[in-house]
Amino acid sequence: MKRIGLCLAILVASLQSGCDTGTQQRLNCICLIDYSGSLSEQTLHRYVDIISSDVLHHLGEKDRLVVLPIDEGAKTIAVRLVDDDLANLTFLYHTDGYAHAKDSLMMRLRRYADHAGSEIAAQLLREKTLRQKYTYFSDIFAAVEQAAGLLERNTPETFWDGVHRFVTGKKRVQSANVILIFSDMIQESSETSFASPEGCRPGQEQAVLDNLRAWHRIPDLHGCTVFVNGRTGLNNAQVESIRNFWVEYFKEAGAGLAAYDYDTGSQITAYLSQRALAYK
């Protein structure tokens, strides 16, 4: 018993003195892709290229990529077009050695992104035809709600969690959430439509937000970063009124709206690049 007590005392002292295994950063990247009937092939290919190339090539060995559809079926049938958790794969081996571990890791991540990227691109393009029966409407509200259900929340670590990590040598995983929305942002559902030339009509913004709030349909996106790529419309007034609505929507949801424009591919890439450099 004395020996056990002594071991525990040493372990506690080690943990308190910072003799820890460290923290591993993880990005939970959730993409929403619009499959509405009005979407052009050129625009769809641009969406798919950003996801399968730009995004995938900037993910680390503990990151996750999920892709959900935006269409009429988003509300009735929850489906993940892609769910690729790199944490379930092995990119580092004990045989790599300390000096070459980083280079080996980066090489394997690049090879994986090249291989998986082509498969993901083919799958996302194929889904346009497979989901054709759902393309009459774009239920962005339902898609964002589904995305909120996939967010990863960090919980405080208990003492015994720390003990387990210390013994096993594992690092603590700290998740960050980002939602990338590839859509014209024109909400079209049986309940709400922004498809008129006015977009979100005067007085409609508050009424829609009040209704969503009453039905508890504004998800909790606190701590989540959001990028919108693809916004467009019939005219400037429609584009601006819809943008104003989404700014208020994401503000109430607690999300950080990092970019909202027709093409935010460079902003998305810059965000992923900066994050990767910060945690190397």
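All of the numbers you see were taken from the coordinates with simple rules; none came from a lab. Given the structure is predicted, the values throughout are model-derived calculations rather than measurements. With ideal geometry, Cβ positions are generated from the backbone for all residues, glycine too; neighbour counts draw on all protein chains shown.
Working only within the stretch 117-151, note down all residues that are surrounded by fewer than 17 Cβ atoms within 10 Å (Cβ to Cβ) and of a type in the set (Asp, Glu). Selection gives Glu119 alone.
Checking each residue in the stretch 34-64 for being under 17 Å from Asn177 (Cα atoms), surrounded by 23 or more Cβ atoms within 10 Å (Cβ to Cβ) and in contact (Cβ under 8 Å) with a residue 40 or more places away in the chain picks out Ile51, Val55, Leu56. Taken over the stretch 264-280, the criterion of being surrounded by 15 or more Cβ atoms within 10 Å (Cβ to Cβ) and either among the basic types (Lys, Arg) or farther than 19 Å from Leu27 by Cβ (or both) is satisfied by Arg275 alone. Only helices (runs of 4 or more DSSP H) whose full extent lies in the stretch 37-150 are considered here, and the ones with at least 2 residues that are of a type in the set (Ser, Thr, Tyr) are 41-49, 101-130.
Scanning the stretch 245-280 for residues that are farther than 21 Å from Ala148 by Cα and either among the aromatic types (Phe, Trp, Tyr) or in contact with a helix residue (DSSP H, G or I) (Cβ under 7 Å, 6 or more places away or on another chain) (or both) yields Tyr262, Gly265, Thr269, Ser273, Ala276, Tyr279.
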